[in-house]
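The values are calculated or read from the model by the stated rules, or taken from the named source; none is laboratory data. Everything numeric here is computed off the predicted structure, so don't read it as measured data. A quick note on method: Cβ atoms are made from the backbone with ideal geometry, for glycine too, and the neighbour counts reach across all protein chains shown.
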Amino acid sequence: MSPVEPAWPPTAPAPAAGASLQAELAQAHQQLDDLRQAQQAFVRRVVHDLRAPLRHVTSYGVLVRELLQELPEPPEQVVEALDCVATMEQSARRMADMLDALRALQQAESQPLQCAAIDPLALLRPCAELLTLRAAAAQSAGPATGSIASPPRQVHWQFDPAMPALWADAQALRSLLEQLLDNALKFTRDQPDTRISVSARLIEPAQPSGAGARVRLCLQDNGAGFDPERAPALFGLFERLHSESQFPGLGCGLALCRVLAERHGAHIRASARPGQGCLVELDWPAAPTPPAQPVPPAQS
């Protein structure tokens, strides 16, 4: 009888293999960082280099319009030309706004974050007050060219009286919350009784160290809503789900919100139905809480 050979032991990974894997991972991270920096440099170059020709279009458009308006009795062709110049100027202004949006997005992707414990309520209230004043001023000024007038309305803001603190950069979080509130205010413009509410609660418990907890912040409005089948495109750059005449805008605000949320390790999503309002949910890291201190023994 031949001797029984011992079972083959599982082979542990060789140290050289582990080191090679770490090197490949570091190289992949470096490649991603290089691609990100190249993309940011490209956006900066595009935003900078398009400014000069855009200023030329705007400036010469004004000169052409002034020259045509000086004609004593402009023929019909000149009137049509003035309409074309007005469209050209409007398009140039829109392109300038798009370049500003690209620059803001690039800054949001690259600006260093200084995170701290932030009370969202301390940011929501001043943002709501500022946006209410802006909406009242816009209502008094009348609709923009090509836009549909909105009926007078009363805006009701409702915020939870106490919210868990978030771990965030204060300026970035303020920009995100202001954009979300501004969107809610815009898409409720046809509601005489506008209602916008924000609530927040812990959804994941913290570890014993105080880290790891997450907060779900929900913003609900009673506005126009949107087709839920188009929700995946909602946070893309220059994506619009409504016509420009109904709701003016570039379609870049939610893309900015997505970038700011992802940089904090947060997740953002939206759900809605046409005519039934919109719900935006943010799952955000909670501010770490210090571990509980042990109670000293009572002195006898």
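Within segment 148-161, restricting attention to residues that are assigned to a loop (DSSP other than H, G, I, E, B) and exposed (fewer than 15 other Cβ atoms within 10 Å of the Cβ), which residue is modelled with the highest pLDDT? The selected residue is PRO161. When restricted to residues that are free of Cβ contacts under 8 Å to residues at least 24 places away in the same chain and either closer than 20 Å to HIS156 by Cβ or assigned to a loop (DSSP other than H, G, I, E, B) (or both), segment 101-121 contains 1. Among residues of segment 62-75 that are under 19 Å from THR87 (Cα atoms), those with a beta-carbon under 7 Å from a residue that is in a helix (DSSP H, G or I) and not aromatic (Phe, Trp, Tyr) at least six positions away or on a different chain give the pairs VAL64/VAL85; ARG65/LEU82; ARG65/VAL85; LEU68/VAL78; LEU68/ALA81; LEU68/LEU82; PRO74/LEU68. Could you tell me whether segment 169-176 includes any residue that is at pLDDT 90 or above, among the small types (Gly, Ala, Ser) and touching a helix residue (DSSP H, G or I) at 6+ places or on another chain (Cβ under 6 Å)? Yes, that holds for at least one residue. Taking each residue of segment 213-234 that is in a strand (DSSP E or B) and looking for partners that are of a type in the set (Asp, Glu) with beta-carbon atoms closer than 7 Å, six or more apart or interchain, yields ARG214/GLU204; ARG214/ASP283; ARG216/GLU281; ARG216/ASP283; CYS218/GLU281.
Residues checked against (1) at pLDDT 85 or above; (2) surrounded by 16 or more Cβ atoms within 10 Å (Cβ to Cβ); (3) within 30 Å of ALA168 (Cα to Cα); (4) out of contact with any helix residue (DSSP H, G or I) (no Cβ under 9 Å at 6 or more places or on another chain):
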{"residue": "GLY61", "(1), (2), (3), (4)": "no, yes, no, no"}
{"residue": "GLU76", "(1), (2), (3), (4)": "no, no, no, yes"}
{"residue": "CYS84", "(1), (2), (3), (4)": "yes, no, no, yes"}
{"residue": "MET98", "(1), (2), (3), (4)": "no, yes, yes, yes"}
{"residue": "ALA101", "(1), (2), (3), (4)": "no, yes, yes, no"}
{"residue": "ILE118", "(1), (2), (3), (4)": "yes, yes, yes, no"}
{"residue": "PRO126", "(1), (2), (3), (4)": "yes, no, yes, no"}
{"residue": "LEU130", "(1), (2), (3), (4)": "yes, no, yes, no"}
{"residue": "LEU133", "(1), (2), (3), (4)": "yes, no, yes, yes"}
